[in-house]
1. Mind listing just one residue for me: the one in region 116-133 that is outside any helix (DSSP H, G or I) and out of contact with any helix residue (DSSP H, G or I) (no Cβ under 6 Å at 6 or more places or on another chain) and, of those, surrounded by the most Cβ atoms within 10 Å (Cβ to Cβ)?
2. Looking only at helices (runs of 4 or more DSSP H) that fall completely inside region 211-302, which ones have 1 or more residues that are under 26 Å from residue 321 (Cα atoms) and in the same structural domain as residue 318 (by TED's automatic domain parsing)?
3. Give 362, 366, 373 a once-over and let me know the one that is within 22 Å of the chain's Cα centre (by Cα), touching a residue at least 60 places away in the same chain (Cβ under 8 Å) and surrounded by 18 or more Cβ atoms within 10 Å (Cβ to Cβ).
4. Any residue at all in region 22-37 that's closer than 12 Å to residue 104 by Cα, in contact with a strand residue (DSSP E or B) (Cβ under 6 Å, 6 or more places away or on another chain) and without any contact (Cβ under 8 Å) to a residue 40 or more places away in the chain?
5. If I filter region 167-187 down to residues being touching a strand residue (DSSP E or B) at 6+ places or on another chain (Cβ under 8 Å) and over 25 Å from residue 302 (Cβ atoms), which single residue comes out as surrounded by the most Cβ atoms within 10 Å (Cβ to Cβ)?
6. In region 316-346, which residues are in contact with a strand residue (DSSP E or B) (Cβ under 8 Å, 6 or more places away or on another chain) and not in a loop (DSSP other than H, G, I, E, B)?
7. Going residue by residue through region 60-77, is there one that turns out to be free of Cβ contacts under 8 Å to residues at least 40 places away in the same chain, under 23 Å from the mean Cα position of the chain (by Cα) and either closer than 29 Å to residue 183 by Cβ or not assigned by TED's automatic domain parsing to the domain that holds residue 159 (or both)?
């Protein structure tokens, strides 16, 4: 009987690496995980044997602090956002031992990948978001459409680094069809892209009884250009000519989007921040979740809303294309199409029984996307890999 192949994980901060490591450890596949996330905050969602976790210096805390100190310091933080991942990669590449399978997060892994490949290990590159080259193109187009000042997107050196990492890796782990397609469109073979959607914490996100609430749209996350909020605003503008529809936005507003935000703020209620453990209460006071993003890997908030029994109206670029059945537990509308978005909202507003039915369908669908289900799919994929 062949020996079980072991997995090493490298993730600069947290993302879902703790859930991933927990699942791998449950199936006796985890060798070690490397992280620079603060030690006292890394294991607050799962339990892992400390002997399998390498806590590196928490270098990314510096950008968190700088972002709170004003505009000048935010510029420094932005530079560090692109240099610290490379430094993290350098540290891990020096420390990592020979491993059968390496799972690494994009931007933070070039040296680590090169070392593992030299040692004949299999490399899986985790891509939480779309290919940066593709992302830059769609955002440049959007800034032009909105007549906003040109913004410096992901630097070319990082774009090139990501493409080199993806080329060297044996597989690209994608959370949605959208992410996979962004790499396929840039010349990567379809068979190299492995699609495993993320999970949701069903202990935290679940439906609760709703007391005759009025029709209320909710959206959660950073409010800005990339998230496509301008198209939600335009949809609300159309709807408010004939209906009284409430809308709640939860999240911070990006600086370059504030002028547009101010022009439309009479259409919605804005809450800048809600503790994560209280977000479920907000979902449970809403009727439908809307997410008009132009670019997303796979937003957790969509699954969280579905787990609370909300139908979701999203774009294919939100990553919802991999979890939502159009017309069953939500609707998928084209990006930038605020008229289609308004029509779907109006349809649910006018069909309350169907709204309830789709919400129930959304809850049942979310039960399929737990972190346990994610772990089983990832484990089955890893065990299917041919030995080297």
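1. It comes out as 126.
2. Details: elements: 229-239, 258-264, 279-283.
In region 211-302, the matching helices (runs of 4 or more DSSP H) lie at 229-239, 279-283.
3. 366
4. yes
5. Residue satisfying both the conditions and the ranking: 169.
6. Initially, region 316-346 is screened for residues in contact with a strand residue (DSSP E or B) (Cβ under 8 Å, 6 or more places away or on another chain), giving 316, 318, 320-322, 324, 326, 329-333, 341, 344-345.
Answer for region 316-346, where residues must be in contact with a strand residue (DSSP E or B) (Cβ under 8 Å, 6 or more places away or on another chain) and not in a loop (DSSP other than H, G, I, E, B): 316, 318, 320, 321, 322, 326, 330, 331, 332, 341, 344, 345.
7. Yes, some residue in region 60-77 is free of Cβ contacts under 8 Å to residues at least 40 places away in the same chain, under 23 Å from the mean Cα position of the chain (by Cα) and either closer than 29 Å to residue 183 by Cβ or not assigned by TED's automatic domain parsing to the domain that holds residue 159 (or both).
A quick yes/no check of all residues on (1) under 20 Å from the mean Cα position of the chain (by Cα); (2) at pLDDT 95 or above:
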| site | (1), (2) |
| --- | --- |
| 307 | yes, yes |
| 313 | yes, yes |
| 322 | yes, no |
| 327 | no, yes |
| 330 | yes, yes |
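The values are calculated or read from the model by the stated rules, or taken from the named source; none is laboratory data. Fair warning: this is a prediction, and the values are worked out from it, not measured in the lab. Reconstructed Cβ throughout: ideal geometry from the backbone, glycine too, with neighbour counts over all protein chains shown.
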